1. Of all the helices (runs of 4 or more DSSP H) wholly in segment 1-115, which have at least 1 residues that are at pLDDT 85 or above, over 22 Å from the mean Cα position of the chain (by Cα) and surrounded by fewer than 14 Cβ atoms within 10 Å (Cβ to Cβ)?
2. Report, ordered by the first and then the second residue, all pairs with beta carbons closer than 9 Å, sequence separation of six or more or different chains, a first member in segment 55-75 that is within 17 Å of E44 (Cα to Cα), and a second member that is small (G, A, S) and modelled with pLDDT of 75 or more.
Amino acid sequence: MTKFSETISFKNYCALMLVLRKEHQDYLRKAGEYGQLMSDTERELLALGQRRSHVLFTRPKTGNYDSDKITLDMEIGLAEKRLRAAERDHKKYIDKAKDTQQAIKLTEDKINEHYRKEWRATRGLLKKY
């Protein structure tokens, strides 16, 4: 039976660490983008809600009340759908970032177990790219 350290070289471990860190950074960036989209959509929903309440309270004064209300209800529905999709994608990328962080930790533990001296010499690849 071969030892674990003989199956994967230190160079390959370092390459794996760099790839995992890059993926982790990408997932965090994407999660941030979807977080910003959620924030923008919530602001849009608030503005639409205010417009809708204005239309509801000015009902007798305008002749196009029904069309305004229907249009606003449709816009609110679309914004809510976008918000749910953004929340789903945000959670997906946060979960992927957590999984990648765990993979980084496990890989670093394996490197420390088998290549402690070399890993310290690289200072953990300086914890950056």
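1. Once the helices (runs of 4 or more DSSP H) in segment 1-115 are filtered for at least 1 residues that are at pLDDT 85 or above, over 22 Å from the mean Cα position of the chain (by Cα) and surrounded by fewer than 14 Cβ atoms within 10 Å (Cβ to Cβ), what remains is 10-57, 65-114.
2. Between residues of segment 55-75 that are within 17 Å of E44 (Cα to Cα) and residues that are small (G, A, S) and modelled with pLDDT of 75 or more, the close pairs are L72/G49.
The values are calculated or read from the model by the stated rules, or taken from the named source; none is laboratory data. Values in this document were obtained by computation on a predicted structure and should not be read as measured data. We place every Cβ from the backbone using ideal geometry, glycine too, and count neighbours over all the protein chains shown.
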